[in-house]
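Read-outs: derived from the displayed coordinates by stated rules, not from any lab. What you are looking at is a predicted structure, and each value in this text was computed from that prediction instead of being measured. All Cβ positions, even for glycine, are placed from backbone atoms using ideal geometry, and neighbour counts span all protein chains on display.
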């Protein structure tokens, strides 16, 4: 099944992690013929992903909200291994999906291999990732979209773009990941509690 899914361009989260690790070992990224910089970001994000998995603690409120879902859902996440926001958020989304495995199926799609889908879910005109599309399979319709990052993190980015105040991208990225470290996934969990409360 994992092989068939991958041939279709879909990864289960587990097969995505295996591919992620392989790309790191081969000093590559998920982007075909990607630059050395993308390979370095991939290596850094593998470490972030592993650290996130070790520290995730889901709130009882979120657990309850996810476990009450009765419709069948497919969660598609567009991402790439070099994306720092994905390393911070995708492990949490995967843990949330595990709370209700009978009703939530999580699949990963690589952004650069799926341009048509990505172009349908732009953020302010940009191919920002991770971008999650939740489909209610029971009703055959889109249930919600999330991404590319929690609202306060998105606000940080927009404010920096509007007024960099001499901060380089590297400076900003340090500030962004400092926010993630202090937040400890609480905002992401709160956002998903709100989303889950609207689902059947």
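Note: relative contact order over the chain, using C-alpha pairs below 8 Å and six or more positions apart, is 22 percent. Taking 7 Å steps out from each Cα toward its Cβ at residue 155 and residue 198 produces label points 1.9 nm apart.
Scoring 185-193, 95-103 by mean Cβ neighbours within 10 Å over their residues and listing the highest first yields 185-193, 95-103. Its Cα gyration tensor gives the range 99-142 an equivalent ellipsoid; the semi-axes, largest first and in whole Å, are 23, 12, 9. Summarising the overall dimensions of the range 13-96 from its C-alpha atoms, the Rg and Dmax are 14.6, 45 angstrom. Annotation: extensible slack from residue 22 through residue 126 equals 34.6 nm (criterion: 0.36 nm per residue apart, minus Cα-Cα distance). The modelled label-to-label distance between residue 117 and residue 98, using points 7 Å beyond Cα along the C-beta direction, is 2.3 nm. With Cα atoms defining each centre, the range 150-200 and the range 9-75 are spaced 18 Å apart in the structure.
Each principal axis of the Cα cloud of the range 1-142 was taken in turn, and the coordinate range along them, longest first, works out to 45, 35, 35 Å.
Counted residue by residue at 0.36 nm each, then reduced by the alpha carbon distance between them, the extension gain from residue 32 to residue 47 reaches 3.3 nm.
Count the DSSP beta bridges whose two residues both fall in the range 2-197, then state the antiparallel fraction as a percent rounded to the nearest 5. About 65 percent, rounded to the nearest 5. Note on the range 60-200: the C-alpha convex hull projects to 8.7 nm² when averaged across all orientations. Only DSSP H runs of four or more residues enter the estimate; each adds -39500 (n - 2.57), and after division by the residues of the chain the mean residue ellipticity at 222 nm equals -16500 deg cm²/dmol.
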